[in-house]
Amino acid sequence: MTDTDALEQYIYATFSTITDEQSRPLDITAALPLLKQVLTGYTQQIAEHKFNYIGESAVQFAIHLILADHYSKYEDRVLSAIAKKFTAPLQLYKLIGKQIHLKEYVRPIYLKETLDMIFGILFRYNGIMAIQKLIQDAFICLVNHDLNNTTSPKKLLSPSSSTNQTVNPVKALYELVQANSGAIETEAHEIDDKKWQVKIVAKLNASSLLFSHARTSSSKQKAKTEASRDILNYFTNNPDVYQHLQIAAEGAIDIHALPISESDYCHLFAENTNTRPALETSYWSGSSANLSQSSHEEATVLLENLFLDGKMDVDMDSRQVKRQRQSTHGLSDSAIVKTETLEHQQPLSSPTPSLQPTNTMESNVTYINDEETFQPFNQPAEALMDEATAVRNEKIIKHFRKLFQAHRLVLLQCRTKPGQSKSIFLSFVVQRQDELQVNISIQQGGDSHTPLFHAEVVLRSKTKANVFLKTEGHGRRKKDAEQQAFNKMIEIVTNWNSIT
């Protein structure tokens, strides 16, 4: 048997169960070619006929016919509410698809579209009766299920069944009261110390005694929740009181306050009075931050693993991305490689830095603050270098690149994560503290409202005289200027394109 024969057999077997008004099997000979196209996925050729649109409307009309034929005892508003629920009858379509085994030919995501086209074709060739017969059993099954759930009496609740700690006390108390057509009201008042007092007044049935209970907490919801839990616990522990409160008391208007002692109060939202001890300033002082050489090496290994594995998550906002782009584009203009005399080196090792070195890393870093106003954007043009100077500068760059060769990948990675380049670069300098030293100078210009900072980072060799690299950075904040300067320094020591 070919696939085409199997498909035709499926169509005849599926729709032969539908009968017309004379109880004759539905004749689908005229609709067979179109049904085969729909079930094989060739729907583009018949899209212009709008069978899906026709079928969707036909189903809604058939639903109203079924409701009128089988549920005539209900009022029109009830029937309208039922029909409205099936405006998008996805559940109905799933049940029909299961009944006719449609999943053998149609993927679940195309179920509704396919059934709408089938309904449209059947309506076009066989009328609304075919649609009504096809969906009737599945639709009646769903409607009866909904009506049974609506009209079936609710199971009466007892207080003990509502004391489960996973159940919302407010909801549990409400269901307990409503089970016998009782009533419940809540009164809330703000008292001293920004606290709320909530009083619950309720009765278990229409003619029973009123009872009440009040609790105080930091919010209305918390007070209402704890008051509800107290009432449920009290009824569970005192079933005789619970039974007494259900007795009819005609004409009684007094409110009976439940005698719940404070020792029996529940504390669902007990405030944590334990406060964390304040951190002493000595924890952050330089004297407690001494790191050994081995500690720095261990930290460096961890940093390398984090960066190279790509598992470090560093937040980047738009300002950081902008500063990162600025540092990349401004490298060729601000990266300066110079040789200088010993007299010029003296100011960079000032005996009175703004931050005294207190640990291993800081002892290798010198900060110099220059409070004088500067003009970073009006510097005189650099003089052209002769060939000998250019050769010397190239040798200096190669010297520093070889020192950082082992950490090149980590440094390249940290440049993409603003806020990390300075600390990681300095950690590598510490590992070679016998060979390298870093000097950082900060200048501030502009007025008090729009300050502008200029940072200068100098990487020096301790073993070779007059060998250093200098980069500069600018920013509205000191941190931004420093970060830009360090990014440019990293770009120099990690750029291996010019090394042969």
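Please go through region 392-407 and pick out each residue that is open to solvent by less than 80 Å² (accessible area, probe 1.4 Å) and assigned to a helix (DSSP H, G or I). Don't jump to the end; show me each part of the working.
First pass over region 392-407, keeping only residues open to solvent by less than 80 Å² (accessible area, probe 1.4 Å): 393, 396-401, 403-404, 407.
Across region 392-407, the qualifying residues are Asn393, Ile396, Ile397, Lys398, His399, Phe400, Arg401, Leu403, His407.
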Residues of region 60-79 satisfying the condition of being surrounded by 12 or more Cβ atoms within 10 Å (Cβ to Cβ) and hydroxyl-bearing (Ser, Thr, Tyr):
Tyr71, Tyr74
Conditions (1) open to solvent by 80 Å² or more (accessible area, probe 1.4 Å); (2) over 14 Å from Ala130 (Cβ atoms): number failed by Gly97
(1)
Considering only residues that are of a type outside the set (D, E, K, R), modelled with pLDDT under 80 and open to solvent by 40 Å² or more (accessible area, probe 1.4 Å), which ones fall in region 20-59?
Gln22, Ser23, Gly41, Tyr42, Gln44, Gln45
Residue hits (region 249-268; open to solvent by 80 Å² or more (accessible area, probe 1.4 Å) and either at pLDDT 80 or above or within 40 Å of the chain's Cα centre (by Cα) (or both)) are Ile255, His256, Pro259, Glu262, Ser263, Asp264, His267
Mind checking which residues of region 183-205 are closer than 24 Å to Tyr242 by Cα and of a type in the set (A, V, I, L, M)?
Ala183, Ile184, Val198, Ile200, Val201, Ala202, Leu204
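Considering region 19-39 alone, what residues qualify as being in contact (Cβ under 8 Å) with a residue 40 or more places away in the chain and out of contact with any strand residue (DSSP E or B) (no Cβ under 7 Å at 6 or more places or on another chain)?
Step one: list which residues in region 19-39 are in contact (Cβ under 8 Å) with a residue 40 or more places away in the chain, which gives 19-21, 26-28, 30-31, 34-35, 38-39.
Correct list: Asp20, Glu21, Asp27, Ile28, Ala30, Ala31, Leu34, Leu35, Val38, Leu39.
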Would you be able to say whether some residue in region 107-119 is outside any helix (DSSP H, G or I) and modelled with pLDDT under 90?
yes
Subset tally (residues that are touching a residue at least 12 places away in the same chain (Cβ under 8 Å), of a type outside the set (Ser, Thr, Tyr) and not in a loop (DSSP other than H, G, I, E, B)) for region 444-485:
25
Extreme residue, modelled with the highest pLDDT, among residues of region 448-500 that are open to solvent by 30 Å² or more (accessible area, probe 1.4 Å) and aromatic (Phe, Trp, Tyr)
Phe453
For Lys50, only one of the following conditions fails: (1) under 15 Å from Ala130 (Cβ atoms); (2) touching a residue at least 40 places away in the same chain (Cβ under 8 Å). What is its number?
(1)
For region 181-200, give me the residue count where each residue is touching a strand residue (DSSP E or B) at 6+ places or on another chain (Cβ under 8 Å) and modelled with pLDDT under 85.
0
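The values are calculated or read from the model by the stated rules, or taken from the named source; none is laboratory data. All figures in this text were calculated on a predicted structure; none of them were measured in a lab. Reconstructed Cβ throughout: ideal geometry from the backbone, glycine too, with neighbour counts over all protein chains shown. Ligands, DNA and RNA are excluded from the accessible area calculation, which covers all protein heavy atoms including side chains. Shrake-Rupley method; radii C 1.70, N 1.55, O 1.52, S 1.80 Å.
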